[in-house]
Amino acid sequence: MSPSEKVKYISNWIKSYVDKMPVKAESLVVGISGGIDSSVSSTLSAMTGIKTIVLTMPIRQKEIQHDLSLNHQKWLTKNFKNVEAHTVNLDKLFETFSSTLNKFDNEHGFANSRARLRMTTLYQVASANNGIVVGTGNKVEDFGVGFYTKYGDGGVDISPIADCNKTDVWELGKELKILKEIIDAPPTDGLWDDGRTDEGQLGLSYKELEEAMNNEKSPNRQKYLKIREANLHKMDPIPVCKIPN
């Protein structure tokens, strides 16, 4: 399927999902970070014609990352009349949360808590607008190495690009004419004060991860499997204690 065909297919899939809901949603709510995944997901959502609410939710955000999300907001509202954009600054909320729980800090800091605060924000906005939360994860993250926060950015109602590899998402971004600075930006989850990139955390680029996912003889296969194994608890169903009859 060509990028243009994928664009139409995914956008139609989102609209079809909403149309078939027992109680039809009135809006699509998407968190945008200035990265390619959320930019593509929000644009595909906007293409449905359904009211699309995009939120940028800075928490001690690097200025360059926040600027990219704001630029994408402007681009969306300029190109789609059904888009409503908001900036919800979560700095004070995060400061209160982290200071209240300072006795429970660990080597990861409160990075995952940032993602969970954003998830809670998205669902509050969705609830207030009879909406559903649209996920922004790609196939490598969601089903390859589990590179997302459990009940954070992994907490969504639908995942329109979760069957697309990262390279597919970049192609979709070009097809959608997403801002070049977003397409060219190093992927990052935006959860760390030092602005660390995805590749810096994973130790492999997305192209290397994709190759390792699809090729058992890849030189990076074992490294990929090690990352995947550590995160399987996110991808597997929640363990349930079955009571014998």
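We did not get these values from a lab; they are worked out from the coordinates using the rules stated. It should be emphasised that the depicted structure is a prediction, and the values quoted were computed from it without experimental measurement. Neighbour counts run over all protein chains shown; Cβ positions are idealised from the backbone, glycine included.
Details
- Considering only residues in region 59-111 that are more than 20 Å from the chain's Cα centre (by Cα) and of a type in the set (G, A, S), the one that is nearest to A126 (Cα to Cα) turns out to be S98.
- Of all residues in region 106-132, those being farther than 20 Å from D189 by Cα and free of Cβ contacts under 8 Å to residues at least 40 places away in the same chain number 3.
- Criterion violated by C164 - all others in (1) without any contact (Cβ under 8 Å) to a residue 24 or more places away in the chain; (2) part of a loop (DSSP other than H, G, I, E, B) satisfied: (1)
- The set of residues from region 212-245 being touching a Phe, Trp or Tyr at 6+ places or on another chain (Cβ under 9 Å) and either of a type in the set (D, E, K, R) or loosely packed, with under 15 Cβ neighbours inside 10 Å (or both) comprises just one member, K234.
- Residue ID - farthest from E199 (Cα to Cα), chosen from residues in region 121-155 that are in a loop (DSSP other than H, G, I, E, B) and of a type in the set (V, I, T): T136
- Filtered by the rule that a residue be part of a loop (DSSP other than H, G, I, E, B) and either within 17 Å of the chain's Cα centre (by Cα) or surrounded by 20 or more Cβ atoms within 10 Å (Cβ to Cβ) (or both), region 177-203 gives I178, A185, P186, P187, T188, D189, G190, L191, W192, G195, R196, T197.
- Subset of region 116-131 (residues that are surrounded by fewer than 23 Cβ atoms within 10 Å (Cβ to Cβ) and touching a helix residue (DSSP H, G or I) at 6+ places or on another chain (Cβ under 9 Å)): L117, T121
Results for (1) under 17 Å from L176 (Cα atoms); (2) aliphatic (A, V, I, L, M), shown as yes or no for each residue.
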residue: P3; (1), (2): yes, no
residue: K8; (1), (2): yes, no
residue: S11; (1), (2): yes, no
residue: V29; (1), (2): no, yes
residue: I36; (1), (2): yes, yes
residue: M57; (1), (2): no, yes
